[in-house]
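> One structure, as structure tokens, below. Some questions next.
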Amino acid sequence: MRTTWVIGKREFAAYFGSPLAYVVTSIFLFLLGLFFFFGVFHQDVGWPFYVRKVASLDNLFNGSQLLFLFLVPAITMRLFAEERRSGTLELLTTLPVRDIEVVLGKYFAAFAYLLVVLALTAVYPIYVATLGRLDWGAVAAGYVGLALVGLGYLAIGVFASSLTQHQVVAFVVALVVALPFFFLHKVSFLFGPGVGNVLEFLAFRPHFDGIARGVLDSSHILYFLGVAAIFVFLAHRLVGGRRWR
Amino acid sequence: MAGTETMVTARDVTKYYGLHRAVDRISFDLHSGEVLGFLGPNGAGKTTTMKMLTCFLAPTAGSIKVKGHDVSEEPLRVRQMMGYLPENAPLYPDMTVMGFLRFCAEVRGITGRERDLRVGRSAEQCGIADRMRDPIGILSKGLRQRVGLAQAILPDPEILILDEPTSGLDPNQIVEIRGIVRELGRTKTVILSTHILSEVELTCRRAIIVNQGRIVADAPLEELRGQLREERRRYLFAVGAGSSGVVPGEAEVRERLRAM
Ligand SMILES: Nc1ncnc2c1ncn2[C@@H]1O[C@H](COP(=O)(O)OP(=O)(O)O)[C@@H](O)[C@H]1O
Ligand SMILES: [Mg+2]
């Protein structure tokens, strides 16, 4: 646990020394601003803020989830790929640490960084609150939902990064693996009720909606933690796998 | 000098990469206080062997025990006893020397004043105490090698494993690193790999010569040195360098060879 903390701390600090992190975060915040004010004429992303004239953060939460598809792989692609490429993975994993401590340290560091980015979006609820009555409970629930969606995508990103020594490959794999989780609920109607329900269950969105509605249903939380656990486990196997090759 | 305690026992260690056999039934014992040179050309399997000793790769067959602990069964226990400088000293370029050494200490559970003490001491020993605030990325190859070395000795490990500590350095840097390694060899058990014969001569007391994954010689350095000296004498006789008919001493031979 202590080792996880030490590794996580280093990894978290590395984000603030990385120009790429600043660039990616800026682009995320800029695009999110566009989503927030202008929306996208699309059922999932909502109408422009000025048209709806409702003190709501739907645009923010919808836009964030779409942008996470790109933001999260950009945050995680470095984690293992860079260490493989430069050889520091050998240095790190020949210290007396468990592979799982390395994986979790990096995972939590990426999560902490995502939370920092989310904290920066707090300007929007504050702004909306100046315009009308804002339901802070719903805001909090939405952010909890976003954090959980983030945990899911981050685990996929860590897994993708542990596959390769090329950051670009890690980014693309993370995006491709994340995509089904983003849209499966939209195509579920194409299948029968059986398969359709499974697809509905697999997608992040319905679980996010459950949490954002403020229904304290632990099954949605468990769903995200389960997805995260699966991909963290896979990453762990891949990092340790070199021993058995 | 070498103690009697067995630090490393390698038995028929074999490593395949796919179908390619990189290490082929290597066996050796290493006793405490020994300074062992692993000598062989590129591709001989030196790095692969180091990686197995440090539990980065598992042997395909055979066993390695470090003070009785099997590398496959108790990798954490084994790594606690080791300091390792991987080939080319991979380091985090964005960290400062100080930040990096502190990180390595903390990962090993060394914290607080003890951490600062050890970081300071190992940096001093490796001659980087005045570069502590520099980002590693701006350092020369020689300095980076020293940072890697400082990281390896920081926990005061019983065994030091150094993979080609001088490769890619310029002559001055090589002399400096060899000096540090020789100094370390006075108090520690060391395994050092290299493809340069003189490196082993200058820093080690025993040499294992490997080629194509196999051990072709395992001897104390005096023996190897004796063979070399003999060859040089014969050579000098042949070219008539012994002007007075007396075979020149080793120092003189070295001097003459250097002058050639
Ligand atoms: N990761 C790897 N995958 C496949 N072959 C490898 C790998 N690493 C090393 N080899 C091969 O194994 C042999 C031994 O390599 P290595 O242990 O690096 O030798 P040395 O350190 O003595 O130069 C070489 O033929 C090399 O090409
Ligand atoms: Mg090598």
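> Among (1) more than 14 Å from every other protein chain (Cβ to nearest Cβ); (2) assigned to a strand (DSSP E or B); (3) open to solvent by 10 Å² or more (accessible area, probe 1.4 Å); (4) within 14 Å of ligand 1 (Cβ to nearest atom), where does B:Gly37 come up short?
That leaves (3) as the condition not met.
> Taking B:Gly137, is it more than 16 Å from ligand 2 (Cβ to nearest atom), part of a loop (DSSP other than H, G, I, E, B) and outside the structural domain of B:Ala217 (by TED's automatic domain parsing)? Before the answer, list the steps.
Numbers: more than 16 Å from ligand 2 (Cβ to nearest atom): yes; part of a loop (DSSP other than H, G, I, E, B): no; outside the structural domain of B:Ala217 (by TED's automatic domain parsing): yes.
In short, no.
> Also, I was wondering about something else. Filter the stretch A:89-116 down to the residues that are away from chain B (no Cβ under 14 Å) and among the aliphatic types (A, V, I, L, M), then identify the one that is nearest to B:Ala152 (Cα to Cα).
The qualifying residue nearest to B:Ala152 (Cα to Cα) is A:Val103.
> Turning to a different aspect of this structure: Of everything in the stretch B:142-151, what is open to solvent by 10 Å² or more (accessible area, probe 1.4 Å) and either within 14 Å of chain A (Cβ to nearest Cβ) or part of a strand (DSSP E or B) (or both)? Give them in sequence order.
Listed by number, the list holds a single entry, B:Arg144.
> Examine the stretch B:183-192 for a residue that is assigned by TED's automatic domain parsing to the domain that holds B:Val35, within 14 Å of ligand 2 (Cβ to nearest atom) and in contact (Cβ under 8 Å) with a residue 12 or more places away in the chain, and state whether such a residue exists.
Yes, because at least one residue in the stretch B:183-192 is assigned by TED's automatic domain parsing to the domain that holds B:Val35, within 14 Å of ligand 2 (Cβ to nearest atom) and in contact (Cβ under 8 Å) with a residue 12 or more places away in the chain.
> Could I ask something else about it? Tell me which residues, restricted to the stretch A:192-219, are within 21 Å of A:Val177 (Cβ to Cβ), open to solvent by 30 Å² or more (accessible area, probe 1.4 Å) and of a type outside the set (A, V, I, L, M, F, W, C).
Result: A:Glu200, A:Arg205, A:Pro206.
> Please go through the stretch B:193-202 and give me each residue that is buried (at least 16 other Cβ atoms within 10 Å of the Cβ) and away from ligand 2 (no atom under 16 Å from the Cβ), ordered by number.
Hit for the stretch B:193-202 is B:Leu202, nothing else.
> Still on this structure: Are there any pairs, at least 6 apart or on different chains, whose C-beta atoms fall under 6 Å, with the first in the stretch B:80-93 and at negative phi and the second more than 16 Å from ligand 2 (Cβ to nearest atom) and of a type in the set (Asp, Glu), and if so, which?
As it stands, the answer is B:Met81/B:Glu158, since those pairs meet every condition given.
> Here's a follow-up. Can we say B:Arg115 is more than 23 Å from B:Ser32 (Cα to Cα) and more than 21 Å from the chain's Cα centre (by Cα)?
yes
> Need pairs with beta-carbon distance below 7 Å; first residue within 22 Å of A:Val215 (Cβ to Cβ) and within the stretch A:130-141, second surrounded by 14 or more Cβ atoms within 10 Å (Cβ to Cβ) and among the small types (Gly, Ala, Ser); sequence gap 6+ or separate chains.
Taking only residues 6 or more apart or on different chains, the pairs are A:Arg133/A:Ala55; A:Leu134/A:Ala55; A:Gly137/A:Gly214; A:Ala138/A:Gly214; A:Ala141/A:Ala212; A:Ala141/A:Gly214.
> Does B:Arg108 satisfy being within 30 Å of B:Thr4 (Cβ to Cβ) and not assigned by TED's automatic domain parsing to the domain that holds B:Cys55?
yes
> Please pick out the residue among A:Ala119, A:Ala141 that is touching a Lys or Arg at 6+ places or on another chain (Cβ under 8 Å), away from every other protein chain (no Cβ under 14 Å) and open to solvent by 10 Å² or more (accessible area, probe 1.4 Å).
Going through A:Ala119, A:Ala141 in turn, just one is touching a Lys or Arg at 6+ places or on another chain (Cβ under 8 Å), away from every other protein chain (no Cβ under 14 Å) and open to solvent by 10 Å² or more (accessible area, probe 1.4 Å): A:Ala141.
> Condition first: within 12 Å of ligand 2 (Cβ to nearest atom) and open to solvent by 10 Å² or more (accessible area, probe 1.4 Å). Now tell me which residues in the stretch B:50-68 satisfy that.
Result: B:Lys51, single match.
> With respect to A:Leu184, is the statement that it is part of a helix (DSSP H, G or I) and surrounded by 14 or more Cβ atoms within 10 Å (Cβ to Cβ) true? Write out each step before concluding.
Details: part of a helix (DSSP H, G or I): yes; surrounded by 14 or more Cβ atoms within 10 Å (Cβ to Cβ): yes.
Here the answer is yes, as A:Leu184 does meet what is asked.
> Can you tell me which residue among A:Phe191, A:Phe224, A:Phe181 is at pLDDT below 90 and over 30 Å from A:Leu91 (Cα atoms)? Even if it seems obvious, please write down each step before you answer.
Values: A:Phe224 fails: at pLDDT below 90; A:Phe181 fails: at pLDDT below 90.
Just one listed residue meets the conditions, A:Phe191.
> Which condition from (1) more than 9 Å from every other protein chain (Cβ to nearest Cβ); (2) open to solvent by 10 Å² or more (accessible area, probe 1.4 Å); (3) modelled with pLDDT under 95 is the one that B:Leu76 breaks?
Every condition holds for B:Leu76 apart from (1).
The values are calculated or read from the model by the stated rules, or taken from the named source; none is laboratory data. Note that this is a predicted model, so its numbers are computed, not measured. Please note: Cβ atoms are built from the backbone with ideal geometry, for glycine as well, and neighbour counts cover all protein chains shown. Accessible surface areas use protein heavy atoms only, side chains included; no ligands, DNA or RNA. Shrake-Rupley method; radii C 1.70, N 1.55, O 1.52, S 1.80 Å.
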